[in-house]
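Q: The structure that follows is given in the form of C-alpha cells.
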Amino acid sequence: MGAQKRMTPGVFVVLAILGIAFVALPLAGLIQRTPWSRAADVLTSESSLTALRLSIVVATSAAVLSLVLGFPLAWGLSRSSFPGRTVVRGLVILPLVMPPVVGGVALLSVFGRRGFLGAALYDAFGVQLTFTTPAAVLAAAFVSLPLAVLALEAGLRSLDPRLEDAAATLGGSRWYVLRRVTLPLLTPQIAAGLVLCWARALGEFGATITFAGNLQGRTQTLPLAVFERLQTDPDGAIALSLLLVAVSLAVIVGLRGRFLAAR
Amino acid sequence: MSLQIDVEARRGDFSVTAAFEAASSETVALLGPNGAGKSTLIATLAGIDPPASGRIELDGQILDDVPAGRHLPPERRPVGVVFQDRLLFPHLSAIDNVSFPLRARGVGRRRARSSAADLLARLGLAERAQARPAELSGGEAQRVALARALIYEPRLLLLDEPLTSLDVRARTQVRTIVRRELNAFAGVRLLVTHDPMEAMSLADRMVLVEDGRVTQIGTPAEVRAAPRTPYVAELVGVNLFTGRLEPLEAGAGRIVTPEGDVVVAWPAEMEGAFDPVMGLLRPADVSLHLRPPEGASARNVLEGIVSSISMEGERARVRLDTSPPLVAEVTLGSVERLGIREGTRLWASFKAVEVRVQVI
C-alpha cells in the first residue's frame, strides 16, 4: 500500500559506480593530459579552426539531408504497407550496425571514379565526388540516416491520424495538412532526429576517411584531424579531442531537460 | 436543397447500410446504441472512409457515387464535422483552430482571425481565444470545435455526440448553444447521439440505427407513438412532458403542460422557474390500478381510459387518455389479471422522483 521506496541492491550500486567511472575516468585523463600552455595555440591554429568549421558544415548538412531523405522513408514505413516493408526497414537501419569503414568502401564502389554512378557523373559532367566536401557530407549522411528514420517513424506512429482526418474535413489539402498539422506536431521528434544525426555526423570517421579522404580544408573534419595529429603531435591531438568533447557537451547542455529528462 | 444518402459503409468486418433523406434547415438525429455504426456513417459522409457501395448527394452535388466511381475527397466537401472527441489541434490556440478552415482555403491570416474572433465571441469564448486546447474545459473545447466546423459555412453539419463527454453543468450550457447554432444554420444538420433525450430535444426527425441497419425513421412524436423495435421502444417509447417548471414545496416542482400537470422532484442544480423543461418517464415506471390507489407514495395519480394496447413479447404497452396522456408498460400477466382492454377505466400512478427533468 505504502509508497515506500525499494532499496537499490548493493551490487547495482557498485556496478553503477564502475559505470560512471568508466565514462568519467577517460574524460578526466583527457583533461589531466591536456597541455594547457599549448592548448590555445593548437585550438586557434589555422588547421584546427578549418577542421572545426568544416566539421560543423558537414555535420549540419548531413543532418538536414538525413531528415529530408528520412521523412518520406519514415512516412512509408509507418503509414503504408507494401510488400518487402521489413526488407526496406532492415536496409535503412543497416548503416547503423555496419562498420563505417565498410560503408565508406561501399560508397566508394558506387560514387568513386570507377563506381558505376561516379563514372557516369564524371563522363557526363566532369564531376568527381571523392575527395570533396560533398563526399564528406554523403559519408556522414549515410551513417546518420537510420537515426533520422527511427526518430521520425516513432513520432509518426505516436501521432493520432484522426487529427489529420479532421484537418482534411476542414478543407486542408494534403500539403496544407502536412505543413500545418503533421510537421508541427512532430517538432519534438524532428528536433531529436536532427540532434542525433548531427552528433553522429560530427563523430563520423571511418566512412569519411575511406570515401572522402583526409584533405585539409575539404574533407578533414575534426575526428580526422585528431587522428592525423595523434601520429605527429599527441599533445595537440589531446587538445583537439577536448574541443570535440566541449562541442558535444554544449549539445547536451543545449538539450537539457528537453530530451534527456526521464519521460 | 437536401441530403440524399443510400450507402453501405464498411469498417473492418463491420458494415452499415443506411438510406434516408434530410432537408435543409432540418435537424436529423441519428440515434442508436454505441457500436451501431453511427460514427462509421459520419466518417463516410465526411469523405474520410469512402462507402463500399451506394451514393451520397448534397444539394444536387454528388459526394459519392460508387457505381460511377466518383468520390469527393474530404477537403473538397462542403461538410463540417464536430468529432466526438473534438480533435482540436493541440499545437494551435483556440482562435487558430477556428481560423484553420479559412486559412486552408487561402484566406489571409488577419481576415481569418477576425472572422474567428467574431464567431468565438458569439459562442461566448471571446476571453479564451488565445488558450491552447489543453487549457480549455470540456464545454469550451466543444464550443471551439463547433466554431471550427461552422466558420466556413458548410452545407452539411455533422455533430457526433456533441454533449456526451460533458459534465451536467457544461452540458446544459452547451446544449443551449448547440440548439441556437443548429437553428441558425442554413444547411442540413445531422446529429449523432445515443441519448434519446438529446435527440428528442434537438432534432426534427430521428433516424434509428441498430446493428448497422436503419430500423425506423420519423419525427420524435411518431417514433414515440409507434416504436418499431424493442430497442426503440425501450429507448424512445417514453412519456415526455414539455412545459414550464414551477416550484412546489421544498424538493418538489410541477411541470405545467398544455395537457395537464405532473409533479416532479426538483432538480438539484436549478433555482427558480424554468421554461421550457422536459420531463421523461419510462413506461415501466407507471403503475396501473383498477381503483384509485390509497396511501401510496406516488405523487402523480391520473385517471383515464385505455385507448390502445400493443403487445411486445411478454409485455404490453397500454396507452391511456389521461391528462397528460400516458403510456404504461406492464406484463401480459397484469393485463389479464386486471382485465385491461380498450375502453377500461384505470388509474395510473408514478412517483415524482421517477421523472427525469432537463432544461431544454
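Read-outs throughout are calculated quantities, based only on the coordinates presented, and are distinct from any laboratory measurement. Worth saying up front: this structure is predicted, and the values here are computed from it rather than measured. As a convention, Cβ positions derive from the backbone with ideal geometry for all residues, glycine included, and neighbour counts pool all protein chains shown.
Q: Give me B:Arg128, B:Arg143, A:Arg114 sorted ascending by neighbouring Cβ count inside 10 Å, so fewest comes first.
A: Listing B:Arg128, B:Arg143, A:Arg114 from fewest to most nearby Cβ atoms yields A:Arg114, B:Arg128, B:Arg143.
Q: May I ask what percent, to the nearest 5, of DSSP beta bridges between residues of the protein assembly as shown are antiparallel? Can you show the working numbers first?
A: Working: 68 of 86 bridges.
Percent antiparallel among DSSP bridges in the protein assembly as shown is about 80.
Q: Return the long-range amide H neighbours of B:Ala252 (sequence gap of 5 or more, or a different chain), with a cut-off of under 5 Å between placed amide H atoms.
A: For B:Ala252, whose amide H was placed from the backbone, the distant partners under 5 Å are B:Trp266.
Q: On average, how many beta carbons from a partner chain sit within 10 Å of the beta carbon of a residue in A:158-167?
A: 5
Q: Moving on to the next point. For chain A, modelled as a GNM with alpha-carbon contacts under 10 angstrom, which of A:Ala141, A:Ala166, A:Ala151 fluctuates the most?
A: Sorting by GNM fluctuation, first place goes to A:Ala166.
Q: Right, another one. Would you mind telling me which residue in B:Glu135, B:Glu26, B:Glu314 has the biggest mean-square fluctuation in a Gaussian network model of chain B, where springs connect alpha carbons within a distance under 10 angstrom?
A: Fluctuation is largest for B:Glu314.
Q: Would you please give the residues with an amide H less than 5 Å from that of B:Ala52, counting only those at least 5 places away or on a separate chain, with H modeled from the backbone geometry?
A: B:Glu8, B:Ala9, B:Arg10
Q: Taking the Cβ of B:Gly272 as the centre, find all other residues whose Cβ is under 15 Å away and add up their charges (Lys, Arg: +1; Asp, Glu: -1).
A: -2
Q: Using only Cα atoms, what Kirkwood radius does chain A have, in angstroms?
A: Working: mean 1/r = 0.0473 Å⁻¹.
Here the Kirkwood hydrodynamic radius works out to 21.2 Å.
Q: Determine the dipole magnitude for chain B: charges of +1 sit on the beta-carbon of Lys and Arg, -1 on that of Asp and Glu, nothing else is charged, the reference point is the Cα centre, and the result goes in debye to the nearest 20. Could you put the intermediate results ahead of the total?
A: Working: 43 positive and 46 negative charges, 205 e Å.
It works out to roughly 980 debye.
Q: Rank B:Glu181, B:Glu336, B:Glu75 by mean-square fluctuation in a GNM of chain B with C-alpha springs under 10 angstrom and give only the top-ranked residue.
A: It is B:Glu336.
Q: May I pose another question? Cut-off is 10 Å between beta-carbons; in what order do B:Lys38, B:Lys351 appear when sorted fewest neighbours first?
A: On the way: B:Lys38 25, B:Lys351 17.
In order of increasing Cβ crowding within 10 Å: B:Lys351, B:Lys38.
Q: Let me ask something else. Residue by residue, what Karplus-based ³J(HN,Hα) values in Hz, rounded to whole numbers, does segment A:206-211 have, using 6.51, -1.76 and 1.60 with θ = phi - 60° and x for Gly and Pro?
A: Going residue by residue, I get x, 5, 5, 5, 6, 8 Hz, with x marking Gly and Pro.
Q: Same structure, new question: If eta is 0.692 mPa s and T is 37 °C, what Stokes-Einstein diffusion coefficient results for the protein assembly as shown, Kirkwood Rh from Cα pairs, in µm²/s?
A: Details: Rh = 30.5 Å.
Answer from the Stokes-Einstein relation: 107 µm²/s.
Q: Let me ask something additional. Which shape class, rounded, prolate or oblate, goes with segment B:2-236 when its Cα gyration tensor gives a ≥ b ≥ c as root eigenvalues, a/c under 1.5 marks rounded, and past that a/b bigger than b/c marks prolate? Mind showing how you got there, number by number?
A: Working: a/c = 1.94, a/b = 1.33, b/c = 1.46.
Oblate.
Q: Right, next: For a quick check: with amide H placed at 1.01 Å from N, whose amide H comes under 5 Å from B:Glu210's, ignoring anything fewer than 5 positions away on the same chain?
A: For B:Glu210, whose amide H was placed from the backbone, the distant partners under 5 Å are B:Thr215.
Q: Taking one equal scatterer on every alpha-carbon of segment B:15-103, how large is log10 of I(q)/I(0) by Debye at q = 0.14, 0.19, 0.23 1/Å?
A: For the requested q values the scattering log ratios are -0.61, -1.04, -1.30.
Q: When only Cα pairs under 8 Å and 6 or more residues apart are kept, what is the percent relative contact order across segment A:59-215? Mind showing how you got there, number by number?
A: On the way: 203 pairs, mean separation 64.6, N = 157.
Across segment A:59-215, relative contact order equals 41 percent.
Q: A follow-up question, please. Anything in chain A that counts as a DSSP H helix reaching 15 Å or more along its axis (C-alpha) with Kyte-Doolittle mean of at least 1.0? List them, would you? Before the final figure, lay out each step's value.
A: Values: long enough: A:10-33 (34 Å, 2.14); A:46-79 (49 Å, 1.22); A:85-97 (18 Å, 1.62); A:100-111 (16 Å, 2.15); A:133-158 (37 Å, 1.49); A:187-202 (22 Å, 1.14); A:222-232 (16 Å, 0.58); A:234-255 (32 Å, 2.20).
Qualifying helices: A:10-33, A:46-79, A:85-97, A:100-111, A:133-158, A:187-202, A:234-255.
Q: Follow-up question, since we're still on this one. Name the helices (complete DSSP H segments) of chain B with a Cα length along the long axis of 27 Å or more and a Kyte-Doolittle mean of at least 0.0, or state none.
A: Details: long enough: none.
Both cut-offs are met by no helix.
Q: Test of understanding: ordering B:Trp347, A:Trp198, A:Trp175 by Cβ neighbours within 10 Å, fewest first, what list do you get?
A: Details: B:Trp347 19, A:Trp198 23, A:Trp175 8.
With the sparsest Cβ surroundings first, the list reads A:Trp175, B:Trp347, A:Trp198.
Q: For segment B:1-83, what's the relative contact order in percent, using C-alpha pairs closer than 8 Å and at least 6 residues apart? The partial results should precede the final answer.
A: Values: 135 pairs, mean separation 24.8, N = 83.
Taking the mean separation of contacting Cα pairs over the length of segment B:1-83, I get 30 percent.
Q: Averaging sequence separations of C-alpha pairs under 8 Å and six or more residues apart, then dividing by the length of segment B:239-359, give the relative contact order as a whole percent.
A: 31 percent
Q: Kindly write out, for segment B:191-203 in residue order, the coupling ³J(HN,Hα) from the Karplus curve 6.51 cos²θ - 1.76 cosθ + 1.60 (θ = phi - 60°), rounded to whole Hz, with x marking Gly and Pro.
A: 10, 9, 7, 10, 9, x, 5, 4, 4, 6, 7, 10, 9
Q: Another question, then. Where does the charge balance sit around B:Leu166 when Lys and Arg score +1, Asp and Glu -1, over other residues with C-beta under 13 Å from its C-beta?
A: -1
Q: Share of antiparallel DSSP beta bridges in segment B:2-236, in percent to the nearest 5?
A: Values: 27 of 45 bridges.
Rounded to the nearest five, the antiparallel share is 60 percent.
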